[in-house]
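Working notes, beginning with the structure itself.
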Amino acid sequence: MEFKRNILITGGAGFIGSHVVRLFVNKYPEYHIINLDKLTYAGNLANLTDIEEMPNYTFVRADICDFDKMMELFKTFSIDGVIHLAAESHVDRSIKDPLTFAQTNVMGTLSLLQAAKLSWADSFEGKRFYHISTDEVYGALHFDGTFFTETTKYNPHSPYSASKAGSDHFVRAFHDTYGLPTVVTNCSNNYGPYQFPEKLIPLFINNIRHGKPLPVYGKGENVRDWLYVVDHARAIDVIFHEGKIADTYNIGGFNEWKNIDLIKVIIKTVDRLLGNAEGTSEKLITYVTDRAGHDLRYAIDSTKLKNELGWEPSLQFEEGIEKTVRWYLDNQEWMDNITSGEYEKYYESMYTDR
Ligand code: NAD
Ligand code: DAU
């Protein structure tokens, strides 16, 4: 079958990637979507069971660091667009194991860039390399009402954010040096279904359900700007098609929450949905040693994206968090398949070794 476009989505078995794959496969039957994922601990094909039989979808298990394999894939599938999400994504893991983050996030991105540049050498016309990055590259804000904009200077603090910053620089360098048609976006914290339960929201929902402690880092005063994952996928769709080459767009929900306040909303929602009396699970809050180098506050200004491409979040936070909590409570099997076995041992060590 001849497709209008052949788009390589990396990291499509992960949290955000699975929502992007789902959106593109369903919305664009005329595109062939090739989902490339190494299936690390964070990759889970159970995130995609609803679309895996679609005729315009192909899954390939591969490592983005494997340059020869990337060259082969570009050729086999006549790739003309890349949406690059594959990465090591958890800050706490990066503190324990920074080398893996440099390898995947920097060298893996470089391997993909080089494969795209060589494979598209005849003409960059109609091609696009879209790199998904994070607001963490900008560093941390104080409690002063300021925001990260597209011109905020990079100032990463964790091995994770440093590795993402490194990859962003390589992407821009490939545009400036070789003319590769790139675009970069920096997004705030995502939440929603299919997020790996090492991240705050799914971890805490699951712990409340099982009556386990909720490990709040430091005093719980750090602030994050939360965006529903499907709204991020919608933004990626708009930017992939209409974003300006060589440009950068910030994506965020103007939705800042102090961790402890967010945690109380989660507790209230889970208790209500489980039929517990209000406040039942507040006793699970356990203040633990802070994350090393813990960034105080992130807040994204996404005005440029709204003004230039008309994107805005579609969901209010109250609605998004309700949907999210319901999803995790309704999909306990998905959760149990992850949290049993090897993961459980790793998770325990994360907190005992602190
Ligand atoms: P995730 O950890 O849930 O998924 C990452 C996926 O990448 C997994 O499926 C994993 O198997 C795959 N992967 C890892 N190493 C690979 C390799 N070497 N080769 C091929 N595949 C590999 O991550 P996520 O939260 O979905 O984040 C996706 C992207 O979005 C990342 O680049 C991250 O930096 C960025 N981002 C995340 C957030 C967030 O809040 N989660 C916010 C802004 C930006
Ligand atoms: O800002 C975008 C980033 O958001 C993404 O680039 C990252 O990939 C993603 O993991 C996320 O990073 P954070 O470190 O902000 O997310 P996390 O869910 O790990 O933590 C959110 C906040 O909650 C943070 O201030 C740390 C705190 N926290 C987290 C965990 C896991 C706790 O207090 N206790 C916990 O157990």
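Of everything in region 264-288, what is touching a residue at least 12 places away in the same chain (Cβ under 8 Å) and either part of a strand (DSSP E or B) or out of contact with any helix residue (DSSP H, G or I) (no Cβ under 8 Å at 6 or more places or on another chain) (or both)? Give them in sequence order.
285, 286, 287, 288
Checking residue 204 against (1) of a type in the set (Phe, Trp, Tyr); (2) surrounded by fewer than 23 Cβ atoms within 10 Å (Cβ to Cβ); (3) near ligand 2 (Cβ under 9 Å from one of its atoms), which single condition isn't satisfied?
(2)
Checking the conditions here, which among 268, 304, 323 is over 30 Å from residue 175 (Cβ atoms), at pLDDT 95 or above and in contact with a Phe, Trp or Tyr (Cβ under 9 Å, 6 or more places away or on another chain)?
From the options 268, 304, 323, the qualifying one is 323.
Show the residue pairs that are 6+ apart or on different chains and have beta-carbon atoms under 8 Å apart, the first residue being within region 149-175 and among the basic types (Lys, Arg), the second being within 15 Å of ligand 2 (Cβ to nearest atom) and in a helix (DSSP H, G or I).
Pairs found: 153/138; 164/105; 164/136; 164/137.
Going by the conditions given, is residue 82 surrounded by fewer than 21 Cβ atoms within 10 Å (Cβ to Cβ), in contact with a helix residue (DSSP H, G or I) (Cβ under 8 Å, 6 or more places away or on another chain) and in a strand (DSSP E or B)?
Against the criterion (surrounded by fewer than 21 Cβ atoms within 10 Å (Cβ to Cβ), in contact with a helix residue (DSSP H, G or I) (Cβ under 8 Å, 6 or more places away or on another chain) and in a strand (DSSP E or B)), residue 82 does not qualify.
Is it true that some residue in region 169-185 is farther than 25 Å from residue 128 by Cα, surrounded by 19 or more Cβ atoms within 10 Å (Cβ to Cβ) and within 15 Å of ligand 1 (Cβ to nearest atom)?
No, every residue in region 169-185 fails to be farther than 25 Å from residue 128 by Cα, surrounded by 19 or more Cβ atoms within 10 Å (Cβ to Cβ) and within 15 Å of ligand 1 (Cβ to nearest atom).
Of the residues that make up region 210-225, is at least one in contact with a strand residue (DSSP E or B) (Cβ under 9 Å, 6 or more places away or on another chain), within 13 Å of ligand 1 (Cβ to nearest atom) and either over 20 Å from residue 9 (Cα atoms) or not in a helix (DSSP H, G or I) (or both)?
Scanning region 210-225 turns up at least one residue that is in contact with a strand residue (DSSP E or B) (Cβ under 9 Å, 6 or more places away or on another chain), within 13 Å of ligand 1 (Cβ to nearest atom) and either over 20 Å from residue 9 (Cα atoms) or not in a helix (DSSP H, G or I) (or both).
So the check is Cβ under 7 Å with 6+ separation or different chains; which pairs have a first residue in region 109-128 that's in contact (Cβ under 8 Å) with a residue 12 or more places away in the chain and a second one that's charged (D, E, K, R)?
Final answer for the pair search is 119/75; 120/127; 126/80; 127/80.
Residues 241, 232: which one is assigned to a helix (DSSP H, G or I), of a type outside the set (Lys, Arg) and surrounded by fewer than 16 Cβ atoms within 10 Å (Cβ to Cβ)? Break it down stepwise before answering.
Details: 232 fails: surrounded by fewer than 16 Cβ atoms within 10 Å (Cβ to Cβ).
Exactly one residue qualifies, and that residue is 241.
Can residue 89 be described as more than 23 Å from residue 31 (Cβ to Cβ), touching a Gly at 6+ places or on another chain (Cβ under 9 Å) and of a type in the set (Ser, Thr, Tyr)?
When the stated conditions are applied, residue 89 passes them.
Does residue 42 qualify as being aliphatic (A, V, I, L, M), within 15 Å of ligand 1 (Cβ to nearest atom), more than 21 Å from residue 243 (Cα to Cα) and touching a residue at least 40 places away in the same chain (Cβ under 8 Å)?
Values: aliphatic (A, V, I, L, M): yes; within 15 Å of ligand 1 (Cβ to nearest atom): yes; more than 21 Å from residue 243 (Cα to Cα): yes; touching a residue at least 40 places away in the same chain (Cβ under 8 Å): yes.
Criteria met by residue 42.
Could you list all residues from region 2-51 that are at positive phi and surrounded by fewer than 24 Cβ atoms within 10 Å (Cβ to Cβ)?
Step one: list which residues in region 2-51 are at positive phi, which gives 11, 39.
If the condition is that a residue be at positive phi and surrounded by fewer than 24 Cβ atoms within 10 Å (Cβ to Cβ), then 39 is the only one that fits.
Yes/no per residue for (1) within 29 Å of residue 160 (Cα to Cα); (2) loosely packed, with under 13 Cβ neighbours inside 10 Å:
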| position | (1), (2) |
| --- | --- |
| 270 | no, no |
| 274 | no, no |
| 282 | no, no |
| 286 | yes, yes |
| 291 | yes, no |
| 297 | yes, no |
| 305 | yes, no |
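Confirm whether residue 198 is in contact with a Lys or Arg (Cβ under 8 Å, 6 or more places away or on another chain), more than 19 Å from residue 14 (Cα to Cα) and within 16 Å of ligand 2 (Cβ to nearest atom). Spell out the reasoning first.
On the way: in contact with a Lys or Arg (Cβ under 8 Å, 6 or more places away or on another chain): yes; more than 19 Å from residue 14 (Cα to Cα): no; within 16 Å of ligand 2 (Cβ to nearest atom): yes.
Answer is no for this residue.
Can we say residue 104 is at pLDDT 95 or above, within 14 Å of ligand 1 (Cβ to nearest atom), buried (at least 16 other Cβ atoms within 10 Å of the Cβ) and not in a loop (DSSP other than H, G, I, E, B)?
yes
The values are calculated or read from the model by the stated rules, or taken from the named source; none is laboratory data. Since we're looking at a predicted model, the values are computed, not measured. Every residue, glycine as well, gets a Cβ built from its backbone with ideal geometry; the counts of neighbours run over all protein chains shown.
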